[in-house]
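I have placed the structure first, in the form of structure tokens, so that the comments after it can refer back to it.
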Amino acid sequence: MTTKEKIISMLEENKGSYLSGEDIGIQLNISRAAVSKAIKELKNNGYTIDSVNRKGHCIPHKSNTLSLIEIKKNLKYNNDIILKDSVFSTNSEGKNYLVNNPEHGTVIIANEQTNGRGRKGRSFFSPKNTGIYMSIILKPKTLLLENSFKITIATAVAVSNAIDEICNKDTQIKWVNDIFLNNKKICGILTEAITDFESGSIENIVLGIGVNFNTLNFPEDLSHTAGSIFLEDITPINRNQLISKIINNLMDIIENLDDSEIIKIYRNKSFLIGRDIIYYEKNSPIQGIVVDIDDNGHLIVQDSNKIIKILKSGEVNFKW
């Protein structure tokens with residue numbers, strides 16, 4: 001561990017209490033000047049550290065800084081966690097890591113994405129310090145390509161449940177895998193699979209999750225559609241707690257993709273059932289109403305001519 005990592009570890013283990021620069025220096029066998037320099041650099045890197053003369057340095061209990069120690073403290077599994085300050089996109093990082101044959105469940109987490117991606121190449125607004133941007137590498141033992149939809153559904157359920165439990169919210173799922181709160185999108189999920197064409201099975205999955213945790217300022221083109229879990233700077237829980245819960249939920253649910261309870265929860269959390277929507281056939285818009293979601297996660301839609309259609313993929317829009 002570097003000196004800065006050792007200092008932040010000490011402060012996190014004593015969160016809410018002040019440690020003097022002298023005490024830190026004695027424990028690490030460095031000078032007080034070296035401690036002060038490291039603390040300054042940590043603050044510049046985004047860590048929330050209170051420094052008070054004659055008291056020392058302290059990470060507040062409600063600090064929202066990403067912390068490897070705090071994330072791992074609440075994990076049920078021994079996931080390999082890679083924490084970055086800023087990346088192009090966590091999914092791009094994840095696919096790069098595949099060259100090194102990472103362990104199943106390896107997670108890449110960033111404090112910022114400079115080119116966050118959503119479905120169909122869309123961008124995902126990913127500012128510093130206010131969101132959760134993470135990708136998890138999965139290596140399913142036996143998952144055929146035609147069953148990959150199960151991963152998408154399970155992930156949406158895992159993330160939605162995590163937000164509800166940790167943040168005390170009541171989220172909904174917009175088919176296929178967007179999470180909504182108070183009629184606004186707060187989370188997007190991007191699933192990218194590497195397949196074996198000969199066997200028709202999936203070898204690796206890079207599962208990207210972007211959550212607006214307490215993002216307050218959106219670009220004009222997103223201001224009417226994008227929302228956030230919390231709408232204040234100081235939040236009752238921090239990002240690390242939610243990250244741990246999302247990882248735990250995912251690792252639990254991925255091992256039980258055939259559990260019928262998953263689709264029941266997915267259906268009960270549907271944001272679209274009963275709504276008027278527009279979907280597309282051969283690039284032509286068609287109006288309809290969502291009737292239900294079947295046991296395979298497909299959307300059951302009744303068009304304007306009262307004809308029932310089953311949508312297995314694609315985009316649907318609704319009136320905001």
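The values are calculated or read from the model by the stated rules, or taken from the named source; none is laboratory data. All values reported here derive from a predicted model rather than from experimental measurement. Cβ placement follows ideal geometry from the backbone for every residue including glycine, while neighbour counts extend to all protein chains displayed. The accessibility values were calculated without ligands, DNA or RNA, using every heavy atom of the protein model including side chains. Shrake-Rupley method; radii C 1.70, N 1.55, O 1.52, S 1.80 Å.
One table, with the values for the structure above:
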quantity: Within the range 14-47, considering residues that are at pLDDT below 85 and open to solvent by 60 Å² or more (accessible area, probe 1.4 Å), the one nearest to Ser63 (Cα to Cα); calculated: Lys43
quantity: Matching residues, the range 249-260, being open to solvent by 10 Å² or more (accessible area, probe 1.4 Å) and over 16 Å from Asp294 (Cβ atoms); calculated: Asn249, Met251, Asp252, Ile253, Ile254, Glu255, Asn256, Leu257, Asp259
quantity: Near pairs, Cβ below 6 angstrom, 6+ apart or cross-chain, from the range 246-275 (within 13 Å of Asn296 (Cβ to Cβ)) to any residue that is polar (S, T, N, Q) and surrounded by fewer than 19 Cβ atoms within 10 Å (Cβ to Cβ); calculated: none
quantity: Complete set of residues in the range 69-126 that are of a type in the set (Gly, Ala, Ser) and either surrounded by fewer than 21 Cβ atoms within 10 Å (Cβ to Cβ) or touching a residue at least 60 places away in the same chain (Cβ under 8 Å) (or both); calculated: Ser86, Ser89, Ser92, Gly94, Gly105, Gly116, Gly118, Gly121, Ser123, Ser126
quantity: Among (1) touching a residue at least 12 places away in the same chain (Cβ under 8 Å); (2) over 22 Å from Thr215 (Cβ atoms); (3) among the polar types (S, T, N, Q) - the single one Asn53 does not satisfy; calculated: (1)
quantity: Long-range neighbours under 9 Å by Cβ, at least six apart or interchain, first residue over 17 Å from Leu181 (Cβ atoms) within the range 221-245, second part of a loop (DSSP other than H, G, I, E, B) and aliphatic (A, V, I, L, M); calculated: Asp233/Leu216; Asn238/Leu66; Asn240/Leu66; Ile243/Leu66; Ser244/Leu75
quantity: Complete set of residues in the range 57-68 that are open to solvent by less than 60 Å² (accessible area, probe 1.4 Å) and over 16 Å from Lys4 (Cα atoms); calculated: Pro60, Ser63, Asn64
quantity: Failed criterion for Ile229 (all others in (1) open to solvent by 60 Å² or more (accessible area, probe 1.4 Å); (2) in contact with a Phe, Trp or Tyr (Cβ under 9 Å, 6 or more places away or on another chain); (3) closer than 17 Å to Asp164 by Cα hold); calculated: (1)
quantity: Residues that are within 12 Å of Trp175 (Cα to Cα) and open to solvent by less than 30 Å² (accessible area, probe 1.4 Å), drawn from the range 280-297; calculated: Val290, Ile293, Gly297
quantity: Residues (surrounded by fewer than 17 Cβ atoms within 10 Å (Cβ to Cβ) and among the aliphatic types (A, V, I, L, M)) located in the range 298-320; calculated: Ile300, Ile307, Ile308, Ile310
quantity: Single unsatisfied condition, Arg119 versus (1) at pLDDT 80 or above; (2) under 15 Å from the mean Cα position of the chain (by Cα); calculated: (1)
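Quick grid of which residues meet (1) under 15 Å from Ile205 (Cβ atoms); (2) aromatic (Phe, Trp, Tyr); (3) crowded, with 16+ Cβ neighbours inside 10 Å:
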| site | (1), (2), (3) |
| --- | --- |
| Gly131 | no, no, yes |
| Met134 | yes, no, yes |
| Pro140 | yes, no, yes |
| Trp175 | no, yes, yes |
